[in-house]
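Please read the structure below before turning to the comments.
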Amino acid sequence: MATWNSLTNKNGIYTYPTVTIPVVTDGALSKISWNQVMPEGSIIVVQSRKSDDGYNWSEWRNCVNGGEIPEINEDTPLYNTKLSIRVIIQTTDYSIRPFFDPNITLHFQPVLVFHNKGDLPCQPEIWITKVGSGDFTMTNTSHHNEQFKFTGLVDGETVYVNNERQDIETTLAVTYRYKDFNDNYLNLPVGKNVFKVDGDADIKWRYQYKRI
């Protein structure tokens with residue numbers, strides 16, 4: 001394996017130690033970024049590959065600085081998934097000195113994906129059982145980042161929302177959650193709806209696709 005010192009030659013490859021992706025989810029938004037200086041006459045390429053078992057690996061794929069990590073998106077199950085990254089640096093002349101900061105930043109955001117396979121927008125029923133007290137927000141990243149949000153939920157509380165009827169119920173006695181809701185009921189467009197979730201909770205849906 002190459003070391004950073006070996007990159008003083010005109011061509012060099014450095015492979016980072018394998019890491020385990022630190023989320024367990026059915027899908028995630030991902031991002032990779034780094035700092036570099038690439039003068040004319042030099043090339044810097046960052047590549048990644050993944051493995052679900054640590055033995056069988058995908059092909060190396062080029063990464064885009066500030067972009068999504070190849071093969072890791074909202075449709076990628078991540079269960080103890082391994083990630084390997086390498087950097088390739090090439091120059092045409094010893095006098096050309098490209099710079100690469102070895103501190104690569106990786107970001108993973110677990111998501112929920114709702115596929116509306118109907119012909120019209122879907123308004124599902126949803127049960128939210130809060131884990132730990134606090135706020136709960138679902139952001140539809142595929143539809144103008146619209147937010148469905150409750151504030152001040154209590155650990156163990158279950159909130160039921162009928163989005164079509166705009167009805168809200170809670171398991172807490174003598175408690176009404178309308179004032180703690182942002183009044184943006186779920187109205188999911190046809191196709192894929194990718195939700196970023198903030199606030200720990202168990203979520204259950206019930207829905208029926210609408211046909212013309």
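Computed from the coordinates by the stated procedures, all read-outs in this text should not be read as laboratory data. Small disclaimer: the values here were computed from a predicted structure and weren't measured. Backbone-built Cβ (ideal geometry, glycine too); neighbour counts: all protein chains shown.
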Exercise for the section: Would you be able to say whether some residue in region 127-142 is part of a strand (DSSP E or B), more than 17 Å from LEU29 (Cβ to Cβ), touching a Pro at 6+ places or on another chain (Cβ under 7 Å) and not acidic (Asp, Glu)? Expected result: no
Exercise for the section: Considering only region 52-95, state which residues are in contact (Cβ under 8 Å) with a residue 40 or more places away in the chain and part of a loop (DSSP other than H, G, I, E, B). Expected result: ILE72, ASN73, GLU74, ASP75, THR76, PRO77, TYR79, ASN80, THR81, THR92, ASP93, TYR94
Practice task
Have a look at LYS82, LYS117 and point out the one that is more than 30 Å from GLY152 (Cα to Cα), under 23 Å from the mean Cα position of the chain (by Cα), loosely packed, with under 13 Cβ neighbours inside 10 Å and not polar (S, T, N, Q).
Solution key: LYS117
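Using the structure shown, decide if GLU164 is outside any strand (DSSP E or B), over 25 Å from PRO77 (Cα atoms) and among the acidic types (Asp, Glu). Break it down into steps so the answer makes sense when it comes.
Numbers: outside any strand (DSSP E or B): yes; over 25 Å from PRO77 (Cα atoms): yes; among the acidic types (Asp, Glu): yes.
Answer is yes for this residue.
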Handout entry: Scope region 144-190; condition within 17 Å of GLU125 (Cβ to Cβ), in contact (Cβ under 8 Å) with a residue 60 or more places away in the chain and not aliphatic (A, V, I, L, M); matching residues
Key = TYR185, ASN187
Practice task
For region 159-180, state whether one or more residues are of a type in the set (Lys, Arg) and under 21 Å from PHE114 (Cα atoms).
Solution key: yes
Handout entry: Evaluation of PHE148 against (1) surrounded by 15 or more Cβ atoms within 10 Å (Cβ to Cβ); (2) part of a loop (DSSP other than H, G, I, E, B) (one fails), failing number
Key = (2)
